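What follows is one structure encoded as structure tokens, with my remarks underneath.
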Amino acid sequence: MEPSVETHNLTVIYDKKPAIWNIDFTLPTGKIIGIMGPNGSGKSTLLKAIMGIIEPNIGYSKVFDKELDDVRTRVSYVPQRQSVDWDFPASVWDVVAMGRFATKGLFKRLSKEDNDIITESLAKVNMTPFTNRQISQLSGGQQQRVFLARALAQNADLYLMDEPFVGVDAATEQAIINLLKSMRDAGKTLLVVHHDLHTAQDYFEHMVLLNSRLVAEGPTDEVFTQEILTETYGGTLTTLSKVASALKEKDFPMRHK
Amino acid sequence: MNFFTEIASFFTFSEPNVKVVFWGSLILCSISGLVGTFTLLRKRSLIGDVISHSVLPGIALAFIIGQQKNPLYLIIGATVTGWISTYLVDYITKHSKIKNDTAIALILSVFFGVGVLLLTHIQHSGNASQSGLDQFIFGRASAMNMSDVWLFTIVGSIITLLVVVFFRGLSLLSFDESYSQSIGFPNELLKLVLSITTVVTVAMGVQAVGVVLMSALLITPAACAKFWTNKIIPMAILAVVLSGVSGVLGSAISYTYNGMPTGPWIVVVISLFAFISAFIGSKHGLLKKYIQRAKNNTKILRENTIKLFFNPDTLGETTFQFEDIFEKSNMQRGTLKKGLKLLKSDDLITLDNGTYTTTEEGINEAKAIVRKHRLWELYISRFMHLQPDHVHDDAEGIEHVITPEIEKELEKELDFPTKDPHDSDIPY
Ligand SMILES: Nc1ncnc2c1ncn2[C@@H]1O[C@H](COP(=O)(O)OP(=O)(O)OP(=O)(O)O)[C@@H](O)[C@H]1O
Ligand SMILES: [Mg+2]
């Protein structure tokens with residue numbers, strides 16, 4: 001089976017300090033895959049690098065065995081909810097419609113079919129009653145569902161989601177995970193950044209554990225072990241962070257590609 | 001002549017130059033309203049300030065090189081230095097430890113300082129056609145001529161066309177830059193479109209408004225418009241209209257009182273719009289909030305008063321003397337009188353010889369409000385596990401906001417109850 005995402009030596013350096021370092025993995029298709037790691041471990045950075053939102057300083061990544069640009073319509077990205085200003089003058093419908101721009105591009109008008117897809121996506125996340133609601137009047141959980149609906153409207157095969165469970169109540173979280181599972185059953189691949197260790201084992205069949213570098217990657221029952229978790233969350237990888245600070249302080253050049 | 005007739009005489013276009021001023025400021029300000037919508041939505045207000053101050057050295061240089069006030073030269077000069085300034089701010093922020101706001105302050109003051117220096121130099125050189133240059137500081141619409149207006153029309157149309165064509169991309173870029181990039185929109189091109197249109201708009205706009213107040217003209221119309229609408233297209237259109245109207249009115253005032261700079265007047269007018277918008281704007285307008293609050297208070301008073309007439313035994317007609325009912329209520333005497341007046345004017349009660357009696361309608365209203373109160377008490381004691389003696393105060397407030405739909409849902413949720421948590425009947 002073709003891999004969904006593969007990264008080779010992927011390294012992103014902000015302001016001379018590496019945020020992710022030599023990430024090297026190949027992920028399967030048709031699974032719900034968790035990306036876990038402490039705050040600042042580079043989870044968002046990893047997704048952004050895969051999506052080409054930031055250029056890696058070293059290394060590269062491929063999606064479905066191709067360059068991202070060749071398969072872009074098959075990939076959908078759900079940013080962290082807090083990354084946008086929800087006081088923007090737009091309705092729920094307007095935001096979900098953005099999902100269709102992925103195929104329509106800058107200029108083509110939305111067709112009847114596009115409108116149907118938007119309506120359907122809203123229904124899938126139970127947001128139909130809020131279709132015309134101004135987005136500034138949504139709760140956190142509703143905002144998150146709008147972002148999911150926008151991604152659904154893209155009709156992609158691979159979804160990269162940055163913390164879709166943050167700030168949603170238990171019922172919404174359950175609804176979202178059910179939705180993700182039904183997407184998985186339809187053959188989609190979901191790459192989900194997640195924080196809660198308690199639910200991780202239930203939600204994910206495959207996992208990427210990250211702490212600036214790749215700690216472990218593999219099927220959940222293999223990598224979700226005490227030892228690996230301690231390595232990811234516990235011991236503050238002192239050597240690594242020392243080296244990173246030294247690089248920054250002394251202005252050492254990292255290899256550039 | 002008084003103020004208004006003088007302003008009105010501006011719009012008769014009796015003097016030949018008035019037409020130039022009218023069209024010039026209308027075009028400049030409208031465009032700046034359009035472009036400014038995105039400046040505001042992208043939270044780049046400060047960048048507008050940088051550009052407007054940084055066009056000054058460009059204008060001065062263009063004058064030194066061209067030796068006269070050629071509008072095309074001036075715009076090109078202004079665009080070049082305005083552009084360099086934004087580039088520098090971005091570069092410094094990205095490649096050094098200096099924060100964005102510091103970089104902005106730095107570039108702004110350096111460029112503006114150099115601009116003022118150059119202008120002073122030109123004035124001391126005694127060039128005959130220097131006149132009008134120093135007016136770029138505060139703007140003077142009356143210094144425009146017909147060839148300026150033609151240039152503004154052509155350049156303005158190009159800017160408008162660019163914004164309209166790329167509207168979808170520009171909106172998405174402003175809302176969610178990462179997502180825009182992720183679906184393959186050309187973010188760099190879109191940013192280029194925005195910065196070119198902004199710089200050129202400012203470069204032209206300073207003629208009417210001056211460098212000091214140009215950024216206010218960029219931001220304020222969009223900020224006003226946002227009070228009135230939640231949709232981006234109406235917002236942009238409204239910003240254009242408000243800005244255009246302010247431009248024309250401001251110019252008319254300054255033209256009539258020859259010698260006054262234009263920029264401050266335009267900004268005074270648009271600020272007036274901003275003030276009005278903040279006060280009565282449909283979205284978060286203060287007036288609307290005020291009216292809503294007054295309405296709520298009336299509703300609460302009305303419902304609290306009719307509740308006093310609820311007869312728990314018969315669920316029917318009740319009669320009261322004022323003093324009885326006053327004792328029963330815990331309202332101020334005046335408040336209660338006001339409440340009774342409300343009920344009477346709505347025919348919920350009648351007053352006969354100092355005796356208040358409920359009408360059929362009044363009985364129903366009293367029952368309705370008590371029903372809502374008791375349903376809510378039951379609901380929160382059952383679903384939020386509150387003790388029955390804790391639910392009354394909460395229900396006192398909530399009973400007034402329960403709509404018929406919510407009431408139906410409560411009944412269903414509670415399986416059509418007959419007793420409240422205090423074991424009193426729920427009246428139907
Ligand atoms: N634009 C940026 N410029 C400089 N440093 C950045 C930038 N974005 C992130 N970083 C740094 O890179 C590191 C990784 O950040 P990232 O946002 O990828 O972490 P994360 O795992 O998503 O964290 P969180 O759980 O808090 O979302 C952090 O140390 C962060 O401070
Ligand atoms: Mg993150």
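The values are calculated or read from the model by the stated rules, or taken from the named source; none is laboratory data. All of these numbers come straight from a predicted model, not from anything done at the bench. For neighbour counting, all protein chains shown are included, and Cβ atoms are generated from backbone atoms with ideal geometry for every residue, glycine included. Just the protein is used for accessible areas: all its heavy atoms, side chains included, with ligands, DNA and RNA removed. Shrake-Rupley method; radii C 1.70, N 1.55, O 1.52, S 1.80 Å.
Here are a few things to note about the model shown:
- Here the calculated FRET efficiency for residue A:126 and residue B:330, from their Cβ-Cβ distance with R0 = 51 Å, stands at 0.70, rounded to the nearest 0.05.
- Here the Karplus curve 6.51 cos²θ - 1.76 cosθ + 1.60, taken at θ = phi - 60°, turns the phi angles of region B:140-146 into couplings of 8, 4, 5, 7, 6, 10, 4 Hz, with x standing for Gly and Pro.
- Within the protein assembly as shown, the proportion of Cα pairs with more than 35 Å between them is 60 percent.
- Euclidean distance of C-alpha centroids, region A:111-146 and region B:211-276, integer Å: 35 Å
- In this rough spin-label picture, where each label sits 7 Å from Cα along the Cβ direction, the residue B:153-residue B:4 distance is 3.3 nm.
- Between the beta carbons of residue B:14 and residue B:272, assuming R0 = 25 Å, the FRET efficiency works out to 0.40 to the nearest 0.05.
- Dividing the helix sum by the residues of chain B, where each DSSP H run of 4 or more adds -39500 (n - 2.57), gives a mean residue ellipticity at 222 nm of -24000 deg cm²/dmol.
- Most to least accessible of A:93, B:23, B:150, B:83 (protein chains only, probe 1.4 Å): B:150, B:23, B:83, A:93
- 18 Å cut-off, amide nitrogen to a point 7 angstrom out along residue A:9 Cα→Cβ, residues in region A:206-222: A:213-214
- For residue B:311, nonlocal amide neighbours, meaning residues 5 or more places apart or on other chains whose placed amide H falls under 5 Å from its own, are B:316.
- Surface accessible to a 1.4 Å probe, residue B:64 within the full protein complex, Å²: 60 Å²
- Kirkwood Rh (inverse of mean 1/r, distinct Cα pairs), chain A, angstrom: 19.2 Å
- Secondary structure note: in chain A, about 55% of the DSSP beta bridges are antiparallel.
- Relative contact order of chain B, pairs being alpha-carbon contacts under 8 Å that are 6 or more residues apart, as %: 18 percent
- Neighbouring partner chain Cβ atoms per residue of B:169-181, average, 10 Å criterion: 6
- Accessible surface of the protein assembly as shown [probe 1.4 Å, protein heavy atoms]: carbon and sulfur percent: 58 percent
- Nonlocal Lys pairs with alpha-carbon distance under 15 Å, region B:300-404 (8 or more apart, or different chains): 8
- For B:182-190, mean number of other protein chain Cβ atoms within 10 Å: 6
- Which listed pairs, of A:48/A:188; B:99/B:226; A:62/A:181; A:16/B:97, have C-alpha distances above 18 Å, in listed order: A:48/A:188; B:99/B:226; A:62/A:181
- Placing dummy labels 7 Å off each Cα toward the beta-carbon, the span from residue A:233 to residue B:317 is 7.2 nm.
- Taking θ as phi - 60° and the Karplus parameters 6.51, -1.76 and 1.60, the scalar couplings of region B:231-241 work out to 10, 6, 5, x, 4, 5, 5, 4, 4, 4, 5 Hz in sequence order, x denoting glycine and proline.
- Computed over region B:172-315: relative contact order in percent, which uses C-alpha pairs under 8 Å that are six or more apart: 19 percent
- Rounded to whole Hz, the Karplus (6.51, -1.76, 1.60) HN-Hα couplings of region B:107-114, x for glycine and proline: 4, 4, 6, 4, 5, 5, x, 4
- Close amide H pairs (under 5 Å, H built 1.01 Å from N) link residue A:205 with A:32, A:34, residues at least 5 positions away or on another chain.
- Out-of-range pairs (alpha-carbon distance over 28 Å; input A:66/A:104; B:43/B:94; A:43/B:231): A:43/B:231
- For residue A:215, residues with placed amide H under 5 Å, excluding near neighbours: A:209, A:210
- Taking only the alpha carbons of chain B, we obtain Rg and Dmax values of 32.3, 99 Å in that order.
- Mean Cβ neighbour count within 10 Å, used as a protection proxy, ranking A:80-90, A:17-27 highest first: A:17-27, A:80-90
- For region B:354-376 and region B:70-105, distance of Cα centres in Å: 69 Å
- Nitroxide proxy distance, nm - points 7 Å out along Cα→Cβ at residue B:192 and residue B:260: 4.4 nm
- Whole-number accessible area per residue in Å² for the protein assembly as shown, which is evaluated in the context of all protein chains at 1.4 Å: 47 Å²
- Förster radius 25 Å - calculated FRET efficiency between residue A:169 and residue B:403 (Cβ-Cβ, nearest 0.05): 0.60
- Across chain A, the mean sequence separation of Cα contacts (distance under 8 Å, 6 or more residues apart), normalised by length, yields a relative contact order of 28 percent.
- Accessible surface ranking that places the most exposed of A:212, A:182 first, with a 1.4 angstrom probe: A:182, A:212
- Computed log₁₀ I(q)/I(0) - Debye formula, equal Cα scatterers, no solvent, region B:285-428, q 0.13, 0.19, 0.22 Å⁻¹: -0.62, -1.17, -1.36
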